[in-house]
Amino acid sequence: EAGVTQFPSHSVIEKGQTVTLRCDPISGHDNLYWYRRVMGKEIKFLLHFVKESKQDESGMPNNRFLAERTGGTYSTLKVQPAELEDSGVYFCASSLGTGGWGTEAFFGQGTRLTVV
Amino acid sequence: GEDVEQSLFLSVREGDSSVINCTYTDSSSTYLYWYKQEPGAGLQLLTYIFSNMDMKQDQRLTVLLNKKDKHLSLRIADTQTGDSAIYFCAEGRSGGSYIPTFGRGTSLIVHP
């Protein structure tokens, strides 16, 4: 069974450009989560989808970030326009059911975003 | 301050034990997790402990929880070079659907 996959694995863009990150969760997982780790800092929660609905988006830093999960399958995270401080590793995770995380969540390998 | 704190680096010799420490702030935490990130890979759940437990052992791994002091530790016995990775401590709360709040991660370096 395929795990959580993220595309691209690396992205280097210029300040002011737009970047879209994609996450394909494990098939059948209703819950999808986005996290970000800025270098040397903690891994910070961004948002949580249950199917196509945003359950919790309290961690989204500002309105330059837009997350979608149309159809409740894969999710995209768009940064527009990108700023230097957006650089970091963006992780996606997915879990079964609607009860939350427990011990069921699985992470993707992350997308390393560098804004220059 | 941060919700979950851990030291940034730990260097040990191969064969020794490693102890990675973590402190957290929320007394309502239900799950305490340890994740491992190897170079170029995603986060892997290593082990976890319920907040009503004091200790959990799983092969070379021992997790100790001091709930009074909100202190969590991960001990790796007979540390190997393959254990070199970043180890993240995280807490999960029932009110937050157990979604983990992570620390900064401790880079474990194992040298021969």
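The values are calculated or read from the model by the stated rules, or taken from the named source; none is laboratory data. Everything numeric here is computed off the predicted structure, so don't read it as measured data. With ideal geometry, Cβ positions are generated from the backbone for all residues, glycine too; neighbour counts draw on all protein chains shown. Quick note on the areas: whole protein, heavy atoms, side chains included, nothing else; ligands and nucleic acids left out. Shrake-Rupley method; radii C 1.70, N 1.55, O 1.52, S 1.80 Å.
Label points 7 Å out from Cα along the Cβ direction at B:S107 and B:D54: separation in nm?
So the two model labels end up 3.6 nm from each other.
With a ≥ b ≥ c taken as the square roots of the eigenvalues of the C-alpha gyration tensor of segment B:63-103, please select rounded if a/c is under 1.5 and otherwise prolate if a/b is larger than b/c or oblate if it is not?
Taking the square roots of the gyration eigenvalues as a ≥ b ≥ c, segment B:63-103 is oblate.
Determine the share of chain B's accessible area contributed by carbon and sulfur atoms, expressed in whole percent, with a 1.4 angstrom probe.
Of the solvent-accessible surface of chain B, carbon and sulfur hold 47 percent.
With springs only between Cα atoms under 10 Å, which of B:S73, B:S28, B:S18 fluctuates most in a Gaussian network model of chain B?
B:S28
Which value, in square angstrom to the nearest 100, describes the accessible area buried between chains A and B on both sides, using a 1.4 angstrom probe?
The buried area between A and B, both sides summed, comes to about 1600 Å².
Given A:K54/A:K78; A:K44/B:K68; A:K44/A:K78, which pairs have Cα atoms separated by over 19 Å?
Result: A:K44/B:K68 exceed 19 Å.
What residue among B:K68, B:K56, B:K36 has the largest mean-square fluctuation in a Gaussian network model of chain B, using Cα springs under 10 Å?
In the Gaussian network model the winner is B:K68.
In debye to the nearest 20, how big a dipole does chain B give about its Cα centre with +1 on each Lys and Arg Cβ and -1 on each Asp and Glu Cβ?
Here chain B has a charge dipole of around 160 debye.
Let me check against my output: what whole-number percent is the relative contact order of chain B, with C-alpha pairs under 8 Å and at least 6 apart?
38
How would you classify the protein assembly as shown from its alpha-carbon gyration tensor, with a ≥ b ≥ c the square roots of the eigenvalues: rounded for a/c under 1.5, else prolate if a/b is greater than b/c, otherwise oblate?
Prolate, because a/c is 1.5 or more and a/b exceeds b/c.
Name the residues of segment A:32-50 whose accessible area falls by at least 40 Å² when all protein chains are present instead of the chain alone, probe 1.4 Å?
Residues shielded by partner chains are A:Y35, A:R37, A:E42, A:I43.
Express the carbon and sulfur contribution to the solvent-accessible surface of chain A as a percent, rounded to the nearest whole number, probe 1.4 angstrom.
49
Please name the residues of segment B:72-112 whose accessible area, counted over protein heavy atoms with a 1.4 angstrom probe, falls by no less than 40 Å² between the chain alone and the full protein assembly.
SASA drop of 40 Å² or more in segment B:72-112: B:S97, B:I99, B:F102, B:R104.
So the label point goes 7 Å from the Cα of A:M39 along Cα→C-beta, right? Which residues of segment A:59-99 then have their backbone N under 16 Å from it?
A:83-90
Taking 20 Å² as the minimum loss, tell me which residues in segment B:13-46 lose that much accessible area going from the chain by itself to the full protein complex (1.4 Å probe).
Buried-area filter returns B:Y31, B:Y33, B:Y35, B:Q37, B:G42, B:L43, B:L45.
Given a 1.4 angstrom probe, what's the average accessible area per residue across the protein assembly as shown, in square angstrom?
48
Given the options A:L32, A:L47, A:L21, which has the most mean-square fluctuation in a GNM of chain A, springs set between C-alpha atoms less than 10 angstrom apart?
A:L47
Taking the Cα centre of chain A as origin and charging only Cβ (+1 Lys, Arg; -1 Asp, Glu), how large is the dipole, in debye to the nearest 20?
Using only the charged Cβ atoms, the result is roughly 240 debye.
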